[in-house]
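The next block holds one structure in the form of structure tokens; read it before the comments.
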Amino acid sequence: MPRLFALLGAAYLLGSVPFSFLVARWFGVKDVRQVGSGNVGATNVMRSAGKGAGLLALALDAGKGALVAWLAGLVEPETSIIPALAAAAAVLGHMYPVWLGFRGGKGVATGAGAFAPLAPLATAGSVVVFVVTAALTRYVSLGSLAGATALAALAFALGSPPAVAWAAAFVAALVTWKHRDNLRRLARGTESRLGSRRP
């Protein structure tokens, strides 16, 4: 049990590295939480610091999730439970990072990265769903919600290990919770579309 807690604690800490916050600062935005949507995520970085900064933040946030899942698989290669729990812990770290007073991002990029090594086909399918939904509606938030839901559904449908599928479902629920304000704005018709800049 102490070993499990240590592994999950390490996964949380790696996931909590606030790359989007740091990238935005490197590109001249002092605190990304004080601009745009206030979210510590790649979309807000892109809107406030430019496309290059946003893409770098996206790659780093996804990369830390993938690193956590990959390392957990090396440590516990005989079971899918520990890597699945580590993936979820990394997403929690991104959403609630200790370094930023537990005010982080919405977990979409980190979640996709974390499940890529564990459920590659489901993750690829969820990315397609995200891209298509965001492109058709121009709502990144709607694409994110659709992608997260698709990841969980595809993980079950494509026969991923039960621990991985349930972890994906847990992460999808977390992503939905973190998007609750976006859902309210979508219902009111005030959500920002892709390519727009929030005041």
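Remarks
- The chain: calculated mean residue ellipticity at 222 nm from DSSP helix runs of at least 4, using -39500 (n - 2.57): -22500 deg cm²/dmol
- A Förster radius of 25 Å combined with the Cβ-Cβ distance from R188 to K51 puts the calculated FRET efficiency at roughly 0.35.
- Given +1 at the Cβ of Lys and Arg, -1 at the Cβ of Asp and Glu and no other charges, the dipole of the stretch 33-190 around its Cα centre is 840 debye to the nearest 20.
- Gyration tensor (alpha-carbon) shape descriptor, the stretch 2-188, a/c threshold 1.5: oblate
- Put in line by how crowded their Cβ is, counting other Cβ atoms within 10 Å and starting with the fewest, D31, D61 read D31, D61.
- In the chain, lysine pairs closer than 19 Å at Cα, eight or more apart or cross-chain: 4
- Karplus (6.51, -1.76, 1.60) ³J(HN,Hα), θ = phi - 60°, over the stretch 106-119, in Hz, Gly and Pro reported as x: 9, x, 6, 5, 5, x, 4, x, 5, 8, 4, x, 8, 9
- Most fluctuating residue given options R185, R47, R103, as computed from a GNM of the chain linking Cα atoms under 10 Å: R185
- Working note: Karplus 6.51/-1.76/1.60 with θ = phi - 60° gives the stretch 87-94 the couplings 4, 5, 5, 5, 5, 4, x, 5 Hz, where Gly and Pro are set to x.
- Three-way shape label, the stretch 77-199, alpha-carbon gyration tensor, a/c 1.5: oblate
- Summing +1 for each Lys or Arg and -1 for each Asp or Glu among the other residues whose beta-carbon sits under 15 angstrom from that of L58 gives +3.
- Here each label is just a point 7 Å from Cα along the line to Cβ, and for L4 and R138 those points are 4.9 nm apart.
All of the numbers you see were taken from the coordinates with simple rules; none came from a lab. Only a predicted model underlies this, so the values are computations on that prediction, with no experimental measurement involved. All Cβ positions, glycine included, derive from the backbone under ideal geometry; neighbour counts span all protein chains shown.
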